[in-house]
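Structure, as structure tokens:
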Amino acid sequence: VVRYVYPDSPAAAAGIERGDRIVECQGEDVDDVEALREQLRTLAPGETAKIGLRREDQSLEVEPQLATLPETLPEPLPPAYPPDADAPPDAEPPQVGEIQLKAPELENECLAYVPEDYSPRVPHGVVIWLHAPGGVKQDELLATWQPLCEQYDLILLAPRASDPTKWQPTEARFVRRMLEEVMKNYTVDKSRVVVHGHQGGGGMAYLVALTNRDVVRAVAAVEAPLPRVSRLPETDPVRRLAIFTTLASKTEKTAAIEA
């Protein structure tokens, strides 16, 4: 079901409306979102897609000309799950609230927050929050993120570096290990896994995202240039990676970030 249509987009120009159900693409049936993504991955911007729609009791066919992904943020979206998905689960849900995670084979620790109203029927996004030099101020972190997790169905994952003053590249393995632990125990929306960091944590966020493209879909790096050991890969429509970067008005890293 179409959840949102960007204004002035090819979908809008073709007449696709919110609430339409996409049932066919390029002459093949579409059973779920992933099937539609697979069909669109074979096409490039500028090409035309043949889309079959159901609108109430009508069958429609439209041919939008594909474009690049938009860079603007949409207005607040309706939930991406059926209305009855947040009904009480059939089984006892896993642990919620503030959770301490640890891998027996690694010395690092990790804080997680799962919304109190978590339901395994609702796919949750995951925000991997990597601290700047100085470590984690847990109370401030939870005060900021708890209402966002509750509002947007997010799980917060805040790994700690073994040395609070800096991240080591080898600790990317620990971050991946903690993400796998969350994905094993909770229902995760795999299209909403983002790694975020500030300064040194931002550099680590790039490293984690670029070495884990099979599970990470976005990186948000604040006041952090791309690490020298990292290189942006070629665009891969199968493993999409959205990048958001920003910087303070006065920082010695401005030139490197802009580059």
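Laboratory data are not the source of any read-out in this text; all were calculated from the coordinates shown. For clarity, every value in this text was computed on a predicted model and none was experimentally measured. Cβ: placed from backbone, ideal geometry, glycine included. Neighbour counts: every protein chain shown.
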With θ set to phi - 60°, apply the Karplus curve 6.51 cos²θ - 1.76 cosθ + 1.60 along the range 44-51 and write out the HN-Hα couplings as whole Hz, x wherever there is a Gly or Pro. 10, x, x, 7, 9, 10, 9, 10
Identified option (computed Rg and Dmax of the Cα atoms in Å; candidates (i) 20.3, 61; (ii) 30.6, 97; (iii) 17.4, 53): (i)
Work out the FRET efficiency for Ser59 and Lys184 from their Cβ-Cβ distance, taking R0 = 41 Å, and round it to the nearest 0.05. 0.50
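Any chance you could tell me what percent of the C-alpha pair distances in the range 16-116 go past 22 Å? Spell out each step's value before the answer.
Details: 2886 of 5050 pairs.
Distances greater than 22 Å cover 57 percent of the Cα pairs.
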What would the Debye equation give as log₁₀ I(q)/I(0) for the range 75-227 at q = 0.18 Å⁻¹, counting only Cα atoms as equal point scatterers? -1.07
Alpha carbon centre of the range 1-35 versus the range 194-259: separation in Å? 31 Å
State, as an integer percentage, the relative contact order of the range 1-149 based on alpha-carbon contacts under 8 Å between residues 6 or more apart. 16 percent
Could you give the length gained on full extension between Leu232 and Asp29, defined as 0.36 nm per residue of separation minus the Cα-Cα distance, in nm? 69.6 nm
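Could you work out the relative contact order of the chain, using alpha carbon pairs under 8 angstrom and six or more residues apart, expressed as a whole percent?
Numbers: 452 pairs, mean separation 32.2, N = 259.
After rounding, I find 12 percent.
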Would you mind getting me the FRET efficiency between Ser9 and Gln100? Use the beta-carbon distance for r and R0 = 41 Å, nearest 0.05. 0.40
For the chain, the count of lysine pairs 8 or more apart or interchain whose alpha-carbon atoms are under 26 Å apart comes to 9
Theoretical FRET efficiency, 1/(1+(r/R0)^6), r = Cβ-Cβ of Glu71 and Arg121, R0 25 Å, to 0.05: 0.20
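Please report the projected area of the range 161-259's Cα convex hull averaged over all directions, in nm². Intermediate results must be reported in sequence, preceding the final value.
Details: hull surface 28.0 nm².
Seen from a random direction, the Cα hull of the range 161-259 projects 7.0 nm² on average.
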Which distance in nm do the two modelled labels at Glu17 and Thr165 give, with both placed 7 Å along the Cα-to-Cβ direction? 6.3 nm
